[in-house]
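Please read the structure below before turning to the comments.
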Amino acid sequence: MGKFYITTPIYYPSDNLHIGHAYTTVVADALARYHRQQGEDVYFLTGTDEHGQKIQRRAEEAGVSPQVFVDRIVENIKELWRLLKITNDDFIRTTEERHMRRVQQIFQRLWDQGDIYKSEYEGLYCTPCEAFWLERQLVDGKCPDCGREVEKVREESYFFRLSKYADRLMAHIEAHPEFIQPVSRKHEMINNFLRPGLDDLCISRTTFSWGIPVPFDSKHVIYVWLDALTNYITALGYPEEADENSLFKRFWPADLHLVGKEIVRFHTIIWPIILMALDLPLPKQVFGHGWLVLEGGKMSKSKGNVVDPVVLVEKYGLDAIRYYLLREVPFGADGVYSEEALVLRVNTDLANDLGNLLHRTLSMVEKFADGVVPAPGVYEPLDQALISEAGRVVQAVQEHMEKLEVSDALAAIFQLIGRANKYIDEAAPWSLNKQGNRERLNTVLYSMVEALRVAAILLVPFLVETPAKIFAQLGLDGDPAESGLAEGCRWGQFPAGTKVRKDKPIFPRIEWKDDKDEPEQPKEEVKAPAEKETESKPEITFDHFMQIDLRVAKVLAAEKIEGADKLLHLKVKIGSEERQIVAGIAKYYQPEALIGKEIVVVANLKPAKLRGHLSQGMLLAASAGDQLALVVPEKPIGDGAEVR
C-alpha cells in the first residue's frame, strides 16, 4: 500500500478565513479523499501560523492578549473546516507546546552546526506579509506581494545561511522537474530569486515578543518562516520522534505541499534549504495554485473585500459550494468568483444534468418496473457504448487526479453523466414499454441505474453528501466512500431486484436574484407610482387555447447563428422526437448555459425558415424592458410533458 502526505499552508489567523482559503483546503481535501479511495495510507495536515508582529498589533487593538485573540479566530477556522467536512488528520497550531519545543530544537541544531549566525539587519519590512525585501525587489517602492508600504527596520538578528545551499537547491530543481509546479512558478523562482543570488535569511526579531523564544537568547523570538515552515515536520513528531514507528518515518517526505502562488518562494527556496541543512529529504512536489479573485482583484482580509464561505454554504448547501470551487477554477490558474457563476454552474451541472438524470431514471424504474431494478439481458451496441464510456471516464479521472487536474477530473465525470442522459434519449425506454419489449427495457433500465451508481462512486472525493444520497435513492445500503475507485466502478455490480427509493430532487434549481440590482427601499413612505397599463389582446375561447400544444423540451445542443447577433440555433428533444428551433435570445443566454435545460415550447407551430435555418417550434419567454427570462418548469419533469 502506498502513502500520501498532503499539506495545506497554515493559515494566518488575523481574521476569519474567506472563500479563497476555503478553495485551497477543499482542493486538498478532494485529493486526500481520492488517495484514500485508491487504498493509500493518507495523512492530511492543515493548521494555523499564529505568531508575528501583525498578530501582536491586532491583539493590542482588540484589547486582548495575542493568545486570546488567535484562540477565537482559530476556533472559527476549525468550525469552517467542520462545516466543509474537511478530513484533515491533524490540525497544527504554532502556539502549541509540541510545535514550539520542536522548533527550538531545530534552531539549536542549526546553530550548533554553524548554519545560523548572529549579526545586524537593516532592510525593508512588510508587516502584513511578514517579509523582508531588498530595494530592487520593491514595485513602485512598495511590497511586491501585497502592494502596501514597507518600513525600514534595523535590529540585531540571527541569520540562516541560505546562500550556502543555493547551488545545491538549483541542482535539485533541475534534476527534479516535478518539484515546483506549475512550470511557470518554477521559472519564476529560478529567474527572480535563485539566479540573481540568495541573501542569508533573517530568522529572529527583537522588536516584538509574540513568538517562540530563541532557546539560548530570550531577547530574540524566532522569526516567522523558520517557525511556520517547520510545521510540516513538527506535526509528525520531528525531531523527537524519528524512529521506525513514528509518523515522521511513515510519511516524510511530503508528497504534496499545496500553497497559494504568493508563498511559493518560501516553500521552494527557504523550506527546501532548511531541510537540506537538517539533512532531510525534500518534499516531492510544491504546487502553487492560483487565486480565486473578485472582478475587482484579489480578496484580502485587510481590504475587506472577502466572500464568507459560511454564508454561501448556508444559502446553497455544502456540495454546491464544493462543486463550484473544484469545477470552476482550472487548477494552477486564477479563477474569478461571482455568485451568478456559482448559481449557473449548480443549475447547469448539478440540477439539470446529475439531478435530472437521477430523477428521470428512478421515475422510469417506478413507472415501467414497479420500482424494482430488473436484471439486464443482452447488451447491445448502444449499451456497450455507455459501458465503454464509464470505463474511459474512470481511467480519465485517475489520470487527471494524479496530475492534480481536479477540475478536469470533475469535467470527465460529468461527461459520463451527460452520456447517460443521452443514452436514455436514444434507448427511449418509454417506447420499449409501449412496444412490450420487456427484455430490452430491462437492459436499458439496469444500465441507467448502473451508470448512476458508477457516477456516485466517482464523485466521492468531490461531493461529500451527494454520493450517499444517490445510493439511498437507488436503494443501496452501502457507503459509496467505501468502494475502491477501480474495483467499485467495475460495471455490473448493481444488485438486480433492488427496490429504488425515489425522493425529492437532490439539487433543486436555484432562482438567481442579484441583490445588488434591487432598488434600495425608501426610508420614508412615498406614494407608489401608478401601475403601467398592459396592452390587452383580443379574447380567445377555451377551444382556441386548447389548439396550442405546449410541451416541455430539453435542450440538447445550442449554438450562435453566424451573422445573426440575436439568434441561437437550438436542438431540442420533445418526448421521442428531436427538433430544431431558432430563438432570438442570444443577447440574454450563452449557448452552453442552455444545454440540458428544460424549457417550454409551442410544439404545433407551423415550421418556418429564419436566416436559412428551419425552426420547428417556438420557445416561451417573459420579457420586461431589456430583460428576458425563459419559461421553465419549476422542477425537472421530463421532456414531452404537456403544459396546460
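The values are calculated or read from the model by the stated rules, or taken from the named source; none is laboratory data. As the structure is a prediction and not an experimental result, all values here were calculated from the model. Here the Cβ is made from the backbone with ideal geometry for all residues, glycine too, and neighbour counts use every protein chain on show.
State the number of residues belonging to the stretch 472-498 that are among the aliphatic types (A, V, I, L, M), in the same structural domain as Val372 (by TED's automatic domain parsing) and modelled with pLDDT of 95 or more.
The number of residues fulfilling the criteria is 3.
May I ask you to list the residues in the stretch 108-148 that are loosely packed, with under 12 Cβ neighbours inside 10 Å and more than 24 Å from Val221 (Cα to Cα)?
Of everything in the stretch 108-148, those that are loosely packed, with under 12 Cβ neighbours inside 10 Å and more than 24 Å from Val221 (Cα to Cα) turn out to be Glu135, Arg136, Val139, Asp140, Gly141.
Do you know which residues across the stretch 5-43 are among the aromatic types (Phe, Trp, Tyr) and over 16 Å from the mean Cα position of the chain (by Cα)?
Of everything in the stretch 5-43, those that are among the aromatic types (Phe, Trp, Tyr) and over 16 Å from the mean Cα position of the chain (by Cα) turn out to be Tyr5, Tyr11, Tyr12, Tyr43.
Can you find, within the stretch 575-621, the residue that is surrounded by the fewest Cβ atoms within 10 Å (Cβ to Cβ) among those that are of a type in the set (A, V, I, L, M, F, W, C) and part of a helix (DSSP H, G or I)?
So the residue we want is Ala593.
Filter the stretch 1-17 for residues that are in a loop (DSSP other than H, G, I, E, B) and of a type in the set (S, T, N, Q); which is surrounded by the most Cβ atoms within 10 Å (Cβ to Cβ)?
Step by step, filter the stretch 1-17, then rank; the result is Ser14.
From (1) buried (at least 16 other Cβ atoms within 10 Å of the Cβ); (2) assigned to a helix (DSSP H, G or I), pick out the condition that doesn't hold for Lys434.
Going through (1) buried (at least 16 other Cβ atoms within 10 Å of the Cβ); (2) assigned to a helix (DSSP H, G or I) one by one, Lys434 breaks only (1).
Name the single residue, out of those in the stretch 46-60 being among the charged types (D, E, K, R) and farther than 14 Å from Pro128 by Cβ, that is surrounded by the most Cβ atoms within 10 Å (Cβ to Cβ).
That would be Glu50.
Tell me whether the stretch 191-198 contains one or more residues that are in contact (Cβ under 8 Å) with a residue 24 or more places away in the chain, aromatic (Phe, Trp, Tyr) and within 18 Å of Gly123 (Cα to Cα).
Among the residues of the stretch 191-198, at least one is in contact (Cβ under 8 Å) with a residue 24 or more places away in the chain, aromatic (Phe, Trp, Tyr) and within 18 Å of Gly123 (Cα to Cα), which makes the answer yes.
Looking at the stretch 108-135 only, could you name the residues that are part of a helix (DSSP H, G or I) and touching a strand residue (DSSP E or B) at 6+ places or on another chain (Cβ under 6 Å)?
Leu110
Given the conditions (1) over 18 Å from Asp353 (Cβ atoms); (2) assigned to a helix (DSSP H, G or I), and given that Ile457 satisfies all but one, which numbered condition is not satisfied?
(1)
Filtering the stretch 359-382 down to residues that are in a loop (DSSP other than H, G, I, E, B) and charged (D, E, K, R), which residue is nearest to Glu450 (Cα to Cα)?
Glu380
Return the pairs, sorted by first residue and then second, in which the second residue is in a strand (DSSP E or B) and of a type outside the set (A, V, I, L, M, F, W, C), the first residue lies in the stretch 204-222 and is surrounded by fewer than 22 Cβ atoms within 10 Å (Cβ to Cβ) and modelled with pLDDT under 95, the beta carbons are less than 7 Å apart, and the residues are 6+ apart or on different chains.
Listed by first residue and then by second, the contacts come to Thr206/Glu155; Thr206/Glu156; Thr206/Lys219; Thr206/His220; Thr207/Glu155.
Sort out which residues of the stretch 152-188 are at pLDDT 95 or above and basic (Lys, Arg), and write them in order of number.
Of everything in the stretch 152-188, those that are at pLDDT 95 or above and basic (Lys, Arg) turn out to be Arg161, Lys164, Arg168.
Return only the number of the condition from (1) at pLDDT 95 or above; (2) assigned to a loop (DSSP other than H, G, I, E, B) that Val307 does not satisfy.
It fails just one condition, (1).
Which one of these is closer than 23 Å to Tyr323 by Cα and of a type outside the set (A, V, I, L, M, F, W, C): Glu439, Glu405?
Glu405
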